[in-house]
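Following: one structure in structure tokens, then a few remarks.
The values are calculated or read from the model by the stated rules, or taken from the named source; none is laboratory data. Bear in mind that the values here come from a model prediction, so they are computed numbers and not experimental data. Backbone-built Cβ (ideal geometry, glycine too); neighbour counts: all protein chains shown.
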Amino acid sequence: MNSSSAPAGSPRWMQAIVSAWLPPMYREPVLGDLEERFQQRAPGLRWYGYVGDVATTVPQVLRSQLRRIIVRGPACAAAAGDLRRRAEHLQTQVWLRNVALLVGSVVVIGAFLANAQGDWHFQETVHLAMTIGWVGAVWRSYGIHGRSTGVPASMSLDELREFHRRELTRQMNVGVGQFWYWSAPAAFLILYAWIAAVPDFRGAGSLLAAIVMQNCVIVWASRKERSVYQRELDPTEQGAAKA
């Protein structure tokens, strides 16, 4: 008996990476188009074709979104009374924040790879732990819990208000404790090297100070962000109470 099965789709981890670079309003149609092309190709060409499609499509979408932000301006969207525009503006802000952190993670990985030359020493182990700590914390805090999402097209005013309120609350609850948690292994390695006087290990104090400063900046930025979201949440809840 002959049986036909649908072609396998692209892996979810790959879709998640591509999704992180896409603005919320373009995410669903672009991912759907990429998936359709992926399944239409021959099995041996799917991966090469998918990477090529991502390399050509994502920069075009980013350029279009940045042009849209520059032309309209963030203040225009923020000052508008339309609830949908405010909800879309929130998701655009979240996306821009996450893309900036994603670019920072790529820079951190690139800096580690550029410096990891020659023989491997304990210093490189510490640098690897710091790199993994930063990338892991960014992904857990902002790639998963604080990711942006599209505003559904068909919603009543009450549903849209509840969606916007829920999204504001979700972003306010993004915990920065992940950064302290993920940086703990590197901090312990530095302390160990300091106490045990590991040969050829240098700059223990500077590395510890860098970890503490990094996390303090993240906490400060998170509090500033929470205050902005709270100012947006207050009138949204007042509107819900009057409805």
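Determine, yes or no, whether Thr169 is among the β-branched types (Val, Ile, Thr) and in contact with a Lys or Arg (Cβ under 7 Å, 6 or more places away or on another chain).
Numbers: among the β-branched types (Val, Ile, Thr): yes; in contact with a Lys or Arg (Cβ under 7 Å, 6 or more places away or on another chain): no.
The answer is no for Thr169.
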Residue that is modelled with pLDDT under 90, among the polar types (S, T, N, Q), part of a loop (DSSP other than H, G, I, E, B) and touching a helix residue (DSSP H, G or I) at 6+ places or on another chain (Cβ under 7 Å), where the choices are Ser3, Ser10: Ser10
Criterion (assigned to a helix (DSSP H, G or I) and modelled with pLDDT of 85 or more) met by exactly one of Leu45, Leu34, Leu66, Leu62: Leu34
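Does Glu232 satisfy being in a helix (DSSP H, G or I), modelled with pLDDT under 90 and in the same structural domain as Ser105 (by TED's automatic domain parsing)? Spell out how you get there, then give the answer.
Values: in a helix (DSSP H, G or I): yes; modelled with pLDDT under 90: yes; in the same structural domain as Ser105 (by TED's automatic domain parsing): yes.
Judged against the criteria, Glu232 is a match.
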Subset of segment 6-55 [of a type in the set (Phe, Trp, Tyr) and under 30 Å from Leu90 (Cβ atoms)]: Trp13, Trp21, Tyr26
